[in-house]
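Notes for the one structure printed next.
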Protein chains: 2
Amino acid sequence: MTSRLDLEYDGTAFAGWARQPGQRTVQEEVEKALCIVLREEAVPLTVAGRTDAGVHAWGQVCSYEHEALDPMRLNSLLPDDVAILDSNPAPAGFDARRDAISRTYCYRVLNRRARSVGLHGRALWYHRRIDRGALQACAQALAGTHDFTAFTPTETYHTRFERDVLSAQWRIDGDLLEFWITADSFMRHMNRVLVGTMLDVAAGNRTVAEFVALLAGRPRPEAAATAPAHGLALASVGYPER
Amino acid sequence: MTSRLDLEYDGTAFAGWARQPGQRTVQEEVEKALCIVLREEAVPLTVAGRTDAGVHAWGQVCSYEHEALDPMRLNSLLPDDVAILDSNPAPAGFDARRDAISRTYCYRVLNRRARSVGLHGRALWYHRRIDRGALQACAQALAGTHDFTAFTPTETYHTRFERDVLSAQWRIDGDLLEFWITADSFMRHMNRVLVGTMLDVAAGNRTVAEFVALLAGRPRPEAAATAPAHGLALASVGYPER
């Protein structure tokens, strides 16, 4: 029996999704709750999008080989910073990672002089004046297939650096700037280096053309600093219609 | 010199706005920051809407008799759960409490089976099925002048129980139900007892007509339980146009 879990978490107090000895991880918390309810020694989870330390998820998906459980029962065993949104039987052999055809991330930037209480830890507070049109121009260059070598650490486990970006845009609502991007998959830190470099353009330190030139497989040092993890959230995961 | 501060706070870790010996209060945190910057022994604040323990504020207003300061400087001295949004010189004698002509509060209810991470501590999670039309019908009865004796504790410091409700409505967006109410002023717990009693109607435990009958000065025990503080926020304060 294969099951699918949809879940939400606040990444602040987690060392990321993936289990690591001696660290608090989302995977460990959820597997622990599944083991209790299912009375199993281990219930390994396969996840659609491994998130780094501090990164949030609004619509993470994972799969496991066992029966589906009542989400409220699981939630009662989980800490406040993880919640199961939905739990359902999945087609035999469903694999949340392999079957996903796209991932959508959102990076939030609060661009105003005063910091925020409500968005503390959920948006990057960036108080300098920036050129919002330049942000949009950068995002417009992202759709399509590009070599994102400049946007992932030089020391890498990735072997293929091209990614298909299905859509990318900044949605601007007053002081809140949200970068939404959907791609087949992402490399480590890719969204955060993209945002860091777009903000560098918007702050006037480099041109849109220089940003666009990076998309042809330039080396990592040519891009700007990695934006902090706490602005980023895995918003949703796409699967083929059945 | 009179100044006005606009501020935001998360009420979770505060024993409310008003100073209380041995308790962490918003008033004490903000006055402490003002004293440091102004090199004064005391800078007493007058607040538009005293909030109870656990209640949030998105647009609180207060006034004090001294020069206006850079909000970023004050914010650097304040903890993460309070932020100064704006700081400006005010007309001589401006009094944030006495001059306010209305207060707007928002009470958020998340009505779904799964609890939320993002709204944890910022919305009441109410997972039972409710009649949303009944909520709206209750809210529609609120506009105008009523005697809200049923909606404040029996042991009270209030001496006048009539309030002018300028507007009241539920704004519904999917699973998130927001009760917005604007009145000249509010009594202690008034919004939370209103919400608790409206939810009791929506859950089928009493009728809309029974709710409406309470607005004629019925005693407190006839209304339902006080809804938890963490769903409530002081959204904004109204002053006369100048």
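The values are calculated or read from the model by the stated rules, or taken from the named source; none is laboratory data. Bear in mind that the values here come from a model prediction, so they are computed numbers and not experimental data. With ideal geometry, Cβ positions are generated from the backbone for all residues, glycine too; neighbour counts draw on all protein chains shown.
Descriptive notes on the structure:
- Odd one out for B:ASP95 among (1) in the same structural domain as B:HIS56 (by TED's automatic domain parsing); (2) part of a loop (DSSP other than H, G, I, E, B): (1)
- Residue in the stretch A:10-59 that is surrounded by the most Cβ atoms within 10 Å (Cβ to Cβ), counting only those that are away from every other protein chain (no Cβ under 14 Å), at negative phi and among the small types (Gly, Ala, Ser): A:ALA48
- Residues in the stretch A:88-107 that are over 18 Å from the mean Cα position of the chain (by Cα) and under 16 Å from A:GLN27 (Cβ atoms): A:ASP95 only.
- Exactly one residue out of B:THR154, B:THR226, B:THR182, B:THR197 is assigned to a loop (DSSP other than H, G, I, E, B), of a type outside the set (A, V, I, L, M, F, W, C) and surrounded by 15 or more Cβ atoms within 10 Å (Cβ to Cβ): that is B:THR226.
- Conditions (1) more than 20 Å from A:GLY49 (Cα to Cα); (2) modelled with pLDDT of 95 or more; (3) of a type outside the set (Ser, Thr, Tyr): number failed by A:ARG192: (1)
- Residue match in the stretch B:61-71 (condition: within 24 Å of B:ASP184 (Cβ to Cβ), away from chain A (no Cβ under 14 Å) and among the acidic types (Asp, Glu)): no
- Residues being more than 14 Å from chain A (Cβ to nearest Cβ) and either modelled with pLDDT under 95 or crowded, with 19+ Cβ neighbours inside 10 Å (or both) - total across the stretch B:80-90: 1
- Scanning the stretch A:99-145 for residues that are of a type in the set (D, E, K, R) and part of a strand (DSSP E or B), we see that the one that is farthest from the other protein chains (Cβ to nearest Cβ) is A:ARG103.
- Residue check, A:ALA96 away from every other protein chain (no Cβ under 12 Å) and either over 26 Å from B:SER116 (Cα atoms) or at pLDDT 95 or above (or both): yes
- Against the test of being within 14 Å of another protein chain (Cβ to nearest Cβ) and either buried (at least 20 other Cβ atoms within 10 Å of the Cβ) or touching a Pro at 6+ places or on another chain (Cβ under 9 Å) (or both), the options B:LEU7, B:LEU77 yield a single qualifying residue, B:LEU7.
- Considering residues of the stretch B:200-214 that are under 20 Å from B:ASP147 (Cβ atoms) and touching a residue at least 60 places away in the same chain (Cβ under 8 Å) only, the residue surrounded by the fewest Cβ atoms within 10 Å (Cβ to Cβ): B:VAL212
- The one condition from (1) assigned by TED's automatic domain parsing to the domain that holds A:LEU194; (2) at pLDDT 95 or above that A:HIS66 does not meet is (1).
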